[in-house]
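First up is the structure itself, then whatever we jot down about it.
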Amino acid sequence: MSNNPPKSQLASAASSEVMIAIKQMNKWYGQFHVLKDINLTVHKGERIVICGPSGSGKSTMIRCINALEEHQEGEIIVDGILLGKNLKNLDHIRTEVGMVFQNFNLFPHMTILENLTLGPIWVRKMNRVDAIDTAMTYLERVKIPEQAKKYPGQLSGGEQQRVAIARSLCMNPKIMLFDEPTSALDPEMIKEVLDVMVELANTGMTMVVVTHEMGFAKTVADQVIFMDEGDIVEQNEPTVFFDNPQHERTKLFLSQIL
Amino acid sequence: MAMIKAEKTPERSAPISESSVIGWLHKHLFSSAFNTLLTFVMLYIIYLTVSGVFSWGVLDATFVADNRRECYDNSLTGACWAGVIHWTNNIFYGRYPREEIWRINFGGLLLVLWMAPLWMSRVKGKVLVATTTVVFYPFLASYLFSGGDKGFFMQIMVAGAMTAFALNMANLLAGLFRSQGLNSFLIKALGQENASDKTQRNILLLLAGIVFGVAFFWQMGQTLQPIVWTKWGGLFLTLVISGVGIASALPGGIILALGRRSKLVIVRVLSIGFIEVFRSVPLITVLFMATTMFPLFMPEGFVLNKLVQVIIAVVLFNACYMAETVRAGLQAIPKGQYEGAHTIGLGYWRTMRLVIMPQALKYMIPNIVGSFIGLLKDTTLVSIIGLFDILGMLRSISKDTPWLGLHKEPLIFGAILFFIMCASMSKYSRHLEVKLSAGRTH
């Protein structure tokens, strides 16, 4: 690690408005305590990177934010709406929160364009022409407009993940969650996806990213969080986090992956 | 040891054994002495069977005769097809009055024409065509087949069916000759391309309304001679029962399968109970229950005819089997697909309809068609509870005085008929599989 810490290359867009507030959240799978007393505040425009060993609960935590997983205790407030049993709230929050998965989860029976326009047409009630316009705009932003008529199975992994990002953006979300977006990709495709994510960060999107790409964390993150065994063990600015980790477990983890 | 290959290795054509007929023969039929022997033994067995069947069924057979005695006089070793030919009308239509048979043929023709657009890529609006088939055709067909006085509801449905059919055919022509939907063709023909969506929709509704009005007044003057269901029979009855069964089993099965996977405990338990009860009872038992016990549970004076009871039994029974097929298909869809759909805000029903079902149905096609084939064959069981479906008709030939004891030929004819129907269904299912998976590798 160099003595001259690399400065965050992106100016932070974080404002004081709170987008996600997690308070004393606990979650169990049966008897197994997966998430323990989680507290986290994400401001508008803030970019959070979460890392940690597998099984540490980082994926589970961000899946709780758009209610793909239920939590049993504590509260999660997303864009001012309390996540609870209310299904109406649930659907509303999911349209405000985009999510990108490790395995893309594109719909294989639809063309790329149909994948992108499905949400806008059926959920946002946009008319077809506008929906296609929006979809093409975002496909251009992820640099694959020429693939619009193809099916997901005909694209490379990196292209599929960029389509998945575009699909989320088509819903015009306020927050984007990334669950290990590059873990299922071949090495030469990781960069193209990370480039798209950096560009997205440039636009001031609020982002919560679970990843092991520490280069990305250094470049983009406002805050880096280290999780282990269901705890948020350490949270800090990337420069401090990488150059001067406080906790023993963080030090051990960083020494293993860097 | 280091090496560098400077040039690409050129491609060569495959060895002769991979491409020529002789290569193929050698590889698949004569690869060793033992295989050669097997090939010849098999060829001999095939020759014996085919020549035997051919001389019995064609060369020595009697096609024209007035009774079984004449068949024997003509040839002792050949088939007596004359009996089957004599009974053709009964085999196909049962005891339906001869002069009214056109109604059955017309009903069948209507269905074929009605659904034809579904197989033509140039015709637009397939979903609407399919929906009108399910909603309107059954009413038109049931009136065609049974006739009698129409109640007010029936009048509306019959007129609606005629409207839907007329528009469907017009849409078919617009698709074939102009490659566009009827709606855009009409709007253009009337010079209303620039009118607002609302005006255009109103114009189309008005046109449909006019067609409906004409159909309604025309049908008021038409009454078909009533024909009681007991006269229905033969292949016609078999197709009515299995047709209704096939059309209702899939939707019923989808609902039951979704119920079985539901998070709501009561819905789930009820679905499981329903499915397991029907699946663990033989169809014949369900048929007997439906015709003898079902009326006991009904309020006094409530009479359902036996045909309706049988159809209900067949539908319920097959919906339960279909439910398990659908469930298997649903389980093949990864959890990520549900999550992907949820993250773009699709609710449960839209997720199912737009994302899950279209994929799952593709996996299910072989099993669904398998169930349909089973259903078609199973409906012959209704001959046991006294309905004269095709099997009942075929078996009564041997009890007809001139053809007394003629068992073999009618049953073989029936087998050929069923083979043709079932084989074309399975052939079509294979075609569908190929078509649906074209260009989609995953």
>> Which count do you get for residues in the stretch B:58-85 that are in a loop (DSSP other than H, G, I, E, B), without any contact (Cβ under 8 Å) to a residue 60 or more places away in the chain and open to solvent by less than 80 Å² (accessible area, probe 1.4 Å)?
In response: 5
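Search the stretch A:231-252 for residues being of a type in the set (D, E) and more than 21 Å from the chain's Cα centre (by Cα), and hand back the single one that is surrounded by the fewest Cβ atoms within 10 Å (Cβ to Cβ). Steps first, please.
Residues of the stretch A:231-252 of a type in the set (D, E): A:231, A:234, A:237, A:243, A:248.
Narrowing further to those that are more than 21 Å from the chain's Cα centre (by Cα): A:243, A:248.
Details: A:D243: 14, A:E248: 9.
Among those that are of a type in the set (D, E) and more than 21 Å from the chain's Cα centre (by Cα), it is A:E248.
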> Could you count how many residues in the stretch B:200-230 are open to solvent by less than 60 Å² (accessible area, probe 1.4 Å) and free of Cβ contacts under 8 Å to residues at least 12 places away in the same chain?
Replying inline: 2
>> Being open to solvent by less than 40 Å² (accessible area, probe 1.4 Å) and on the phi > 0 side of the Ramachandran plot narrows it down to one residue among B:G405, B:G414; which is it?
In response: B:G405
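Can you confirm whether A:A131 is modelled with pLDDT under 95, aliphatic (A, V, I, L, M), surrounded by 19 or more Cβ atoms within 10 Å (Cβ to Cβ) and assigned to a helix (DSSP H, G or I)? First the steps, then the outcome.
Working: modelled with pLDDT under 95: yes; aliphatic (A, V, I, L, M): yes; surrounded by 19 or more Cβ atoms within 10 Å (Cβ to Cβ): yes; assigned to a helix (DSSP H, G or I): yes.
Against the criterion (modelled with pLDDT under 95, aliphatic (A, V, I, L, M), surrounded by 19 or more Cβ atoms within 10 Å (Cβ to Cβ) and assigned to a helix (DSSP H, G or I)), A:A131 qualifies.
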>> Going residue by residue through the stretch B:145-152, is there one that turns out to be modelled with pLDDT of 90 or more and either under 21 Å from the mean Cα position of the chain (by Cα) or part of a helix (DSSP H, G or I) (or both)?
In response: yes
>> Looking at A:V220 and the list (1) away from every other protein chain (no Cβ under 14 Å); (2) closer than 28 Å to B:L436 by Cβ; (3) buried (at least 23 other Cβ atoms within 10 Å of the Cβ); (4) in contact with a Ser or Thr (Cβ under 8 Å, 6 or more places away or on another chain), which single condition is not satisfied?
In response: (2)
> Of the residues that sit in the stretch A:161-181 and are part of a helix (DSSP H, G or I) and free of Cβ contacts under 8 Å to residues at least 60 places away in the same chain, which one is farthest from A:R124 (Cα to Cα)?
Replying inline: A:R162
> Quick one: would you say A:G153 is within 13 Å of chain B (Cβ to nearest Cβ), in contact with a Pro (Cβ under 9 Å, 6 or more places away or on another chain) and surrounded by fewer than 19 Cβ atoms within 10 Å (Cβ to Cβ)?
Replying inline: yes
> Which of the residues spanning the stretch A:92-105 are in a loop (DSSP other than H, G, I, E, B) and facing chain B (nearest Cβ under 7 Å)?
Replying inline: A:F101, A:N103, A:N105
>> All but one of (1) within 10 Å of chain A (Cβ to nearest Cβ); (2) open to solvent by 10 Å² or more (accessible area, probe 1.4 Å); (3) free of Cβ contacts under 8 Å to residues at least 12 places away in the same chain hold for B:W349; state the number of the condition that does not hold.
In response: (1)
> Taking the stretch A:162-181 only, how many residues are open to solvent by 10 Å² or more (accessible area, probe 1.4 Å) and under 21 Å from A:P53 (Cα atoms)?
Replying inline: 2
>> Within the stretch B:231-345, considering only helices (runs of 4 or more DSSP H) that don't extend past its boundaries, which have at least 3 residues that are more than 30 Å from A:P181 (Cα to Cα)?
In response: B:234-260, B:265-279, B:283-288, B:294-297, B:306-331
> For the stretch B:1-46, what are the residues that are open to solvent by 100 Å² or more (accessible area, probe 1.4 Å), at pLDDT below 85 and outside any loop (DSSP other than H, G, I, E, B)?
Replying inline: B:I16, B:E18, B:V21, B:I22, B:W24, B:H26, B:K27, B:H28
> Among the residues of the stretch A:71-91, is there at least one that is of a type in the set (A, V, I, L, M, F, W, C), within 12 Å of chain B (Cβ to nearest Cβ) and outside any strand (DSSP E or B)?
Replying inline: yes
> Which of the residues spanning the stretch A:48-75 are more than 17 Å from A:Q24 (Cα to Cα) and either aliphatic (A, V, I, L, M) or modelled with pLDDT of 95 or more (or both)?
Replying inline: A:I48, A:V49, A:I50, A:L68
> B:S271 passes all but one of (1) touching a Gly at 6+ places or on another chain (Cβ under 9 Å); (2) under 27 Å from B:L239 (Cα atoms); (3) small (G, A, S); which number fails?
Replying inline: (2)
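A quick yes/no check of all residues on (1) assigned to a helix (DSSP H, G or I); (2) within 9 Å of A:C170 (Cβ to Cβ); (3) in contact (Cβ under 8 Å) with a residue 60 or more places away in the chain; (4) touching a Lys or Arg at 6+ places or on another chain (Cβ under 7 Å):
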{"position": "A:M110", "(1), (2), (3), (4)": "no, no, no, no"}
{"position": "A:P120", "(1), (2), (3), (4)": "yes, yes, no, no"}
{"position": "A:E140", "(1), (2), (3), (4)": "yes, no, no, no"}
{"position": "A:E146", "(1), (2), (3), (4)": "yes, no, no, no"}
> Among the listed residues B:A341, B:A328, B:A360, which satisfies the condition of being of a type outside the set (S, T, N, Q), open to solvent by 50 Å² or more (accessible area, probe 1.4 Å) and under 30 Å from A:M99 (Cα atoms)?
Replying inline: B:A328
>> Can you confirm whether B:G243 is surrounded by 13 or more Cβ atoms within 10 Å (Cβ to Cβ) and more than 25 Å from B:W102 (Cα to Cα)?
In response: no
> Which pairs do you get when a residue that is closer than 13 Å to B:N168 by Cβ and in contact (Cβ under 8 Å) with a residue 40 or more places away in the chain, found in the stretch B:96-122, comes within reach of a residue that is of a type outside the set (G, A, S) and open to solvent by 80 Å² or more (accessible area, probe 1.4 Å), reach meaning Cβ atoms under 9 angstrom, with the pair 6+ apart or on two chains?
Replying inline: B:P117/B:K124
> Looking at B:K435, B:K377, B:K427, which one is within 14 Å of chain A (Cβ to nearest Cβ) and either more than 30 Å from B:H86 (Cα to Cα) or in a helix (DSSP H, G or I) (or both)?
Replying inline: B:K435
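For every residue, the table says whether it meets (1) of a type in the set (S, T, Y); (2) open to solvent by less than 60 Å² (accessible area, probe 1.4 Å).
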{"position": "B:G125", "(1), (2)": "no, yes"}
{"position": "B:A159", "(1), (2)": "no, yes"}
{"position": "B:T163", "(1), (2)": "yes, yes"}
{"position": "B:L176", "(1), (2)": "no, no"}
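The values are calculated or read from the model by the stated rules, or taken from the named source; none is laboratory data. The shown structure was predicted, so the numbers you read here are calculated from the model rather than taken from an experiment. Heads up, the Cβs are rebuilt from the backbone with ideal geometry, glycines too, and the neighbour counts pull from every protein chain shown. Protein only, heavy atoms only, side chains kept; ligands, DNA and RNA dropped before computing areas. Shrake-Rupley method; radii C 1.70, N 1.55, O 1.52, S 1.80 Å.
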